[in-house]
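What follows is a single structure, written as structure tokens, with notes after it.
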Amino acid sequence: MKKETEKQLPEGITQQMIDAAKGKGLDVRLAEVPIDDDGNTRDFLVCVPSRTVLGQFRRYMDTDPKKADDILVKACLLSHKDEVLGDDDLFTAVMATISELIVVRKGIIKNV
């Protein structure tokens with residue numbers, strides 16, 4: 001018998017996938033991504049980029065943007081990878097959504 005939360009999970013995402021990712025210490029999220037121009041969306045399991053992933057991403061951001069995007073998506077997309085990697089439009093939408101998870105806080109510099 002399935003748990004209540006499993007019934008509510010989107011197609012292709014299981015509680016086992018979520019538990020496995022959390023077991024690795026990942027900050028897991030469900031990302032609702034537009035899949036066409038008609039406003040249809042689909043849910044994907046993603047994780048917040050780690051410091052290591054961000055370092056690799058930034059290393060190639062200016063010199064090889066395609067490689068930087070691949071690093072971000074391959075490291076942070078936890079469901080439907082083959083489908084996303086095979087569709088350019090879907091890849092771009094997922095990449096843009098994952099990039100929104102990058103936390104950037106602006107500090108204030110004060111004279112002492």
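Among all positions in the stretch 76-87, there is at least one residue which is outside any helix (DSSP H, G or I), within 24 Å of Ile18 (Cβ to Cβ) and open to solvent by less than 30 Å² (accessible area, probe 1.4 Å).
If a residue has to be over 15 Å from the mean Cα position of the chain (by Cα) and either open to solvent by less than 100 Å² (accessible area, probe 1.4 Å) or in contact (Cβ under 8 Å) with a residue 60 or more places away in the chain (or both) to count, how many in the stretch 88-112 make the cut? Within the stretch 88-112, residues that are over 15 Å from the mean Cα position of the chain (by Cα) and either open to solvent by less than 100 Å² (accessible area, probe 1.4 Å) or in contact (Cβ under 8 Å) with a residue 60 or more places away in the chain (or both) number 1. So which residues in the stretch 8-35 are under 15 Å from Met95 (Cα atoms) and either touching a Ser or Thr at 6+ places or on another chain (Cβ under 8 Å) or in a loop (DSSP other than H, G, I, E, B) (or both)? Across the stretch 8-35, the qualifying residues are Ala31, Glu32, Val33, Pro34, Ile35.
Hey, can you tell me all the residues within the stretch 46-70 that are surrounded by 20 or more Cβ atoms within 10 Å (Cβ to Cβ), under 23 Å from Ile18 (Cβ atoms) and hydrophobic (A, V, I, L, M, F, W, C)? Explain how you work it out, then say what you get.
Of the stretch 46-70, the ones surrounded by 20 or more Cβ atoms within 10 Å (Cβ to Cβ) are 46-47, 49, 57, 69.
Those left that are additionally under 23 Å from Ile18 (Cβ atoms): 46-47, 49.
Val46, Cys47, listed by residue number.
The values are calculated or read from the model by the stated rules, or taken from the named source; none is laboratory data. Being a predicted model, the structure only gives us computed values, none of them experimental. Every residue, glycine among them, receives a Cβ derived from its backbone with ideal geometry; neighbour counts consider all protein chains shown. Note: areas computed on protein heavy atoms with side chains; ligands, DNA, RNA excluded. Shrake-Rupley method; radii C 1.70, N 1.55, O 1.52, S 1.80 Å.
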